[in-house]
1. Taking the Cα of Arg96, stepping 7 Å toward and past its beta carbon, and measuring to each backbone N in region 128-165: which are under 20 Å?
2. Can you spot the lysines whose alpha carbon is less than 24 Å from Lys129's alpha carbon? Ignore those fewer than 8 places along the same chain.
3. Between Ala184 and Arg59, what FRET efficiency follows from the Cβ-Cβ distance if R0 is 35 Å, with the result rounded to 0.05?
4. Grab the other residues whose beta carbon is less than 11 angstrom from that of Arg96, score K and R as +1, D and E as -1, and report the net.
5. Per the Debye formula with a single identical scatterer at each Cα and no solvent contribution, what log10 I(q)/I(0) holds for region 68-153 at q = 0.11, 0.15, 0.19 Å⁻¹?
6. In whole Å, what are the Cα extents of region 79-126 along the three principal axes, biggest one first?
7. Using a Förster distance of 22 Å, how high is the FRET efficiency between Ser174 and Glu82, based on the Cβ-Cβ distance and rounded to 0.05?
8. Hey, rough spin-label estimate for Thr155 and Asp141, points 7 angstrom out along Cα→Cβ, what's it come to in nanometres?
Amino acid sequence: LEVNGDAFVNIVGRCSSDLTITDDDNVSQITVPNGGITALQKSSDPAPSSLLYPDAEVRYFIEFIANGRDLSNVVVSDILDERFTVPSRFSNGEIRDDESGLTATVSGTYDETAHKLIWSLANVPAGMKVRLELVTSVKVDIQPENDDSISNTATFSSSDSSETSTNTVTHPLSALEILLSKVA
């Protein structure tokens, strides 16, 4: 059962003689906080749909807000296309939400064989906006063909919510074309 918003219940009491007492005149209101995340989004710099060339640097950002209550055992995974290099940097250590002042500790690890970056956060305080970042580059030696592109999607899971995916960010790829000329 998923409850979004307020839940209204009748209070039921029991006596030791097993007599049920229902108070239909005084309805109590219980507010159930919405749990989970909101605003799960992936973005990039350069912007999605921008043309990438060999050796181009790409910064990916994954953002979400802990909605209603603290989140525990958060795992964000991002499998990089094999045409990307090993990330030169990624979020690791304490991160801070500048708006709320809330902080969380993130542990980031990269599995080079699987091309997979995994961020783990033991606890994210309610109301915190989390922004994870990774920086990578397109490999220098790739030879893109017509209509070649790189797409990237991350996944999110926690003890408080089921696994869900971000939007997909896609960049078209192009070979680096250099025109050399000599003027005398």
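All of the numbers you see were taken from the coordinates with simple rules; none came from a lab. A quick note: this is a predicted structure, and the numbers were derived from the prediction, not measured. Cβ: placed from backbone, ideal geometry, glycine included. Neighbour counts: every protein chain shown.
1. Residues 128-134 qualify, since their backbone N sits under 20 Å from the label point.
2. Cross-link targets: Lys42, Lys116.
3. Details: r = 43 Å, r/R0 = 1.23.
Between Ala184 and Arg59 the formula returns 0.20.
4. Numbers: positive: Lys129, Arg131; negative: Glu94, Asp97, Asp98, Glu99.
Spelling it out: positives minus negatives among the neighbours equals -2.
5. -0.39, -0.64, -0.87
6. 37, 19, 15
7. Details: r = 18 Å, r/R0 = 0.82.
The value I calculate is 0.75.
8. 3.1
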